[in-house]
Amino acid sequence: MDYLDQDTSNCSVGRAVDLLGQPWVLLILREVSRGIRRFSDLQNHLGVSRSVLSDRLGGLVERGVLELRDYQEPGTRRRSEYVLTPMGKDLYPLITALRNWGDKYLADPEGPSMLATHHACGAPVRVALMCEDGHVVASGDEVDRRPGPGARARARA
């Protein structure tokens, strides 16, 4: 089946963009992955409106990327915080890839605002593309694409 004849309504990239492509979502995930988990802290650090933050957090909880957990510090009332689920933790390479790309092409002249290094050896952390057999893939030009088991023919108008 030629790609132009393929229905894209069940495309995994499209579905991921539907979930993650809304404004503020990736920045919220960046913050939560860095340990900022309380609503007020997220709002203050990001500068996002309460209504937008509430909407985005609700969507991420509903879709299983974040979960809401109760906590209580001694002498205070019970509160909630947002925690990455395994699905959310699997987004770390995506956030790292965006940071790597931004550091390369968009950083200030003095350099990036944050450095991510491996705590065991101190080397910078970067994302590498590789096949399941461990071969490094230098670019998309080295990747063959073919219809998968969920491929459907596009309906013609």
Next on the checklist: Between Tyr82, Tyr71, which is in contact (Cβ under 8 Å) with a residue 12 or more places away in the chain and among the aromatic types (Phe, Trp, Tyr)?
Outcome noted: Tyr82
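Evaluate segment 132-146: report whether one residue or more is at negative phi, of a type outside the set (Val, Ile, Thr) and surrounded by 14 or more Cβ atoms within 10 Å (Cβ to Cβ).
Keep residues of segment 132-146 that are at negative phi, which gives 132-133, 135-146.
Narrowing the set further to residues that are of a type outside the set (Val, Ile, Thr) leaves 132-133, 135, 138-142, 144-146.
From the residues that got through so far, the ones that are surrounded by 14 or more Cβ atoms within 10 Å (Cβ to Cβ) too are none.
Checked against the condition, which is being at negative phi, of a type outside the set (Val, Ile, Thr) and surrounded by 14 or more Cβ atoms within 10 Å (Cβ to Cβ), segment 132-146 yields no hits at all.
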Next on the checklist: Among the residues that make up segment 34-53, is at least one of them in contact (Cβ under 8 Å) with a residue 12 or more places away in the chain and among the small types (Gly, Ala, Ser)?
Outcome noted: no
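Suppose the filter is under 18 Å from Leu19 (Cβ atoms) and in contact with a Gly (Cβ under 6 Å, 6 or more places away or on another chain); does Leu53 pass it?
Working: under 18 Å from Leu19 (Cβ atoms): yes; in contact with a Gly (Cβ under 6 Å, 6 or more places away or on another chain): no.
Criteria not met by Leu53.
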Checklist entry - For Ala157, which of the numbered conditions (1) modelled with pLDDT of 95 or more; (2) outside any helix (DSSP H, G or I) fails to hold? => result (1)
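Do you know which residues across segment 97-151 are among the hydroxyl-bearing types (Ser, Thr, Tyr) and within 27 Å of Asn10 (Cβ to Cβ)? Give the derivation first.
Going through segment 97-151, the residues among the hydroxyl-bearing types (Ser, Thr, Tyr) turn out to be 105, 113, 117, 139.
Within segment 97-151, Ser139 is the sole residue that qualifies.
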Checklist entry - For the subset of segment 73-123 comprising residues that are in a loop (DSSP other than H, G, I, E, B) and under 17 Å from the mean Cα position of the chain (by Cα), which member is surrounded by the fewest Cβ atoms within 10 Å (Cβ to Cβ)? => result Asp90
Next on the checklist: Can you list residue pairs whose Cβ atoms sit under 9 Å apart, with the first residue in segment 134-154 being outside any loop (DSSP other than H, G, I, E, B) and the second being surrounded by 11 or more Cβ atoms within 10 Å (Cβ to Cβ)? Count only pairs 6 or more apart in sequence or on different chains.
Outcome noted: Val136/Leu129; Gly140/Leu129; Glu142/Leu129; Ala153/Met1; Ala153/Asp5; Ala153/Gln6; Ala153/Asp7
Next on the checklist: Scan segment 68-77 and tell me whether some residue there is under 30 Å from Leu129 (Cβ atoms) and at pLDDT 95 or above.
Outcome noted: no
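Kindly evaluate Val61 against the criterion of being over 13 Å from the mean Cα position of the chain (by Cα) and within 28 Å of Val125 (Cβ to Cβ).
Numbers: over 13 Å from the mean Cα position of the chain (by Cα): yes; within 28 Å of Val125 (Cβ to Cβ): yes.
Answer is yes for this residue.
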Checklist entry - Hey, any hits in segment 97-106 for a residue that's touching a residue at least 24 places away in the same chain (Cβ under 8 Å) and of a type in the set (S, T, N, Q)? => result yes
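The values are calculated or read from the model by the stated rules, or taken from the named source; none is laboratory data. Being a predicted model, the structure only gives us computed values, none of them experimental. Every residue, glycine among them, receives a Cβ derived from its backbone with ideal geometry; neighbour counts consider all protein chains shown.
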